[in-house]
Amino acid sequence: MADREAVAHLLRRATFGPTADEVDAAERAGPAATLDALLDPPGPDRGAAATPPPALGADPHAGITRQSSREQRQQANERRREQVLRVTGWWLDRMVAADDGLGEKLLFFWHGHWATSVRKVRSAPLMLGQLATLRRHGRGPLGPLVEAMVRDPALILWLDGQKNTRAAPNENLARELMELFTLGVGNYAEADVKAGARALTGWVVDRRTGAARFEPRRHDTGAKTILGRTGPFDAAGFAALLAGQPAAREFVARRLWFRYAGPETPAPAGLAGPDTLATLRAVLTAGEFGRTAGTLVKQPVEWAVGALRQLGVRPSRLSEQRRRQLLAGLTALDQVPLRPPSVGGWPAGVAWLTTSSLQARLRLADLLAGVAAPTVLDRLAAAPAAGRPDALARLLVVDAWSARTRAALDPLAGQPRKLLAAGLVSPEYTVS
């Protein structure tokens, strides 16, 4: 693989989607230096600093009581929905604006891994807080991340942790913690789930403040045997026990491989490192990784954010109507941030390539082409008509068009907007 193709492949997978200028710079620096800069950004993230999280205030339902009227409840629900839209729009905007593209994509990976939906949590501030927790701990070792997440208010509500008491243990959080978040199927027994649920007892969420707090009277202080270890485990001890298992590091490494390299190629051995960045480095430098080019179907958010970056479009600068159309397009593609479909997260691979999703992608591609920065369309129009598909490939960081795609693009060379929309739905752009 030539250096330009190698760095383009690296940037397509490690970030949401590089611009042509970013690939030019990476080609000059070389693959090794490019990866070092991705994993350890050399300077402050000015794009992120210019896109601060929204100040939401308290949960609109904090003041709702049994005496509140139906109208007051409806108003609170509407304000909740507005808060959710603000957080969703802010995060999409930050994905586009951030200089630290690897960090934003890693945060989206963790969001899909600890899949928590605002539909059940029903609180934008709690979801925003969970994103902050994942951002704070997501690059480091697994232990602090797991310990923080078992105390995360949104996750506790999502998996019924507030119902977990010593008198009536609720196993939901303990089960998913082992099956989907740390160990994977086959690395624990049913008895471990039951004992783990007892370890997690006592944590509740105060809806008025949005804080998780520990209530000792609800906690089971007795001895528990989990994964062959016996002791008076509490949430922190249980989290440390899970994170310390070699199976946990290997499980997370396989999940990183699955999302960054794709489901088509088995993960090689030896990927698990002492922290997430070390593991991600191993994923992105594995010999097998280079051979996965052209095999990974982009998730809809990845596809849309990459296009927005390459077309010079900031969601926050669109009209309200266009922003709503963007979110409606992602809804039609079945992937909207803060709304994973289940605790198992979003699907992967050909699950995204359905007839209905193609129609939705066509509509969204037309919208994106219609709001592209004028300089983008001017650049396409400035190229000779016969060379416009090649100019489009450079713009969208596509290594080369297949003969079939080229045959579909050539007749559109005189219509830059239609050419751009067609490129966005091409197999070479949809599958990286």
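Can you spot a residue in the stretch 346-362 that is over 21 Å from TRP303 (Cβ atoms) and at pLDDT 95 or above? No, the stretch 346-362 has no match at all.
Between ASP399, ASP378, which is assigned to a loop (DSSP other than H, G, I, E, B) and open to solvent by 20 Å² or more (accessible area, probe 1.4 Å)? Give the derivation first.
Details: ASP378 fails: assigned to a loop (DSSP other than H, G, I, E, B).
Result: ASP399 is the single residue among ASP399, ASP378 that is assigned to a loop (DSSP other than H, G, I, E, B) and open to solvent by 20 Å² or more (accessible area, probe 1.4 Å).
Scanning the stretch 419-431 for any residue that is open to solvent by 10 Å² or more (accessible area, probe 1.4 Å), part of a helix (DSSP H, G or I), over 30 Å from PHE181 (Cβ atoms) and at pLDDT below 95 turns up nothing. Applying the criterion of being among the aliphatic types (A, V, I, L, M) and within 30 Å of GLY47 (Cα to Cα) to the residues of the stretch 60-91, the residue that is most open to solvent (accessible area, probe 1.4 Å) is LEU85.
A count restricted to the stretch 363-406 and to residues that are more than 12 Å from LEU420 (Cβ to Cβ) and touching a residue at least 40 places away in the same chain (Cβ under 8 Å) stands at 5.
The one condition from (1) over 29 Å from the mean Cα position of the chain (by Cα); (2) under 24 Å from SER319 (Cα atoms) that LEU380 does not meet is (2). Could you grab the pairs with beta carbons closer than 6 Å, sequence gap of 6+ or different chains, first residue in the stretch 105-118 and in a helix (DSSP H, G or I), second one among the hydroxyl-bearing types (Ser, Thr, Tyr) and open to solvent by 10 Å² or more (accessible area, probe 1.4 Å)? Hits for this filter: LYS105/THR15.
Within the stretch 52-104, the set of residues being more than 23 Å from VAL205 (Cα to Cα), small (Gly, Ala, Ser) and touching a residue at least 60 places away in the same chain (Cβ under 8 Å) comprises GLY89, ALA97, GLY101, GLY103.
Each residue in the stretch 331-359 was checked for being under 18 Å from LYS105 (Cα atoms), open to solvent by less than 50 Å² (accessible area, probe 1.4 Å) and either without any contact (Cβ under 8 Å) to a residue 24 or more places away in the chain or of a type in the set (Gly, Ala, Ser) (or both), and 3 of them qualify. Looking only at residues of the stretch 156-188 that are closer than 18 Å to GLU215 by Cβ and among the polar types (S, T, N, Q), we find that the one that is least open to solvent (accessible area, probe 1.4 Å) is ASN164.
Given the structure, is VAL283 open to solvent by less than 10 Å² (accessible area, probe 1.4 Å), farther than 29 Å from VAL121 by Cα and modelled with pLDDT of 95 or more?
Details: open to solvent by less than 10 Å² (accessible area, probe 1.4 Å): yes; farther than 29 Å from VAL121 by Cα: yes; modelled with pLDDT of 95 or more: yes.
Answer is yes for this residue.
Taking the conditions (1) crowded, with 21+ Cβ neighbours inside 10 Å; (2) farther than 22 Å from GLU22 by Cα in turn, LEU308 satisfies each one other than (2). For the stretch 246-266, does any single residue satisfy the condition of being surrounded by fewer than 18 Cβ atoms within 10 Å (Cβ to Cβ), among the charged types (D, E, K, R) and more than 20 Å from ALA174 (Cβ to Cβ)? Within the stretch 246-266, one or more residues are surrounded by fewer than 18 Cβ atoms within 10 Å (Cβ to Cβ), among the charged types (D, E, K, R) and more than 20 Å from ALA174 (Cβ to Cβ).
In the stretch 185-210, which residues are at pLDDT below 95, out of contact with any Ser or Thr (no Cβ under 9 Å at 6 or more places or on another chain) and not polar (S, T, N, Q)?
Initially, the stretch 185-210 is screened for residues at pLDDT below 95, giving 206-210.
So of that shortlist, the ones also out of contact with any Ser or Thr (no Cβ under 9 Å at 6 or more places or on another chain) come out as 206, 208-209.
Once the filter is applied, which keeps residues that are at pLDDT below 95, out of contact with any Ser or Thr (no Cβ under 9 Å at 6 or more places or on another chain) and not polar (S, T, N, Q), the stretch 185-210 yields ASP206, ARG208.
The values are calculated or read from the model by the stated rules, or taken from the named source; none is laboratory data. A quick note: this is a predicted structure, and the numbers were derived from the prediction, not measured. Note: ideal-geometry Cβ built from the backbone for every residue, glycine included; neighbour counts use all protein chains shown. These accessible areas exclude ligands, DNA and RNA; they are computed on the full protein's heavy atoms, side chains included. Shrake-Rupley method; radii C 1.70, N 1.55, O 1.52, S 1.80 Å.
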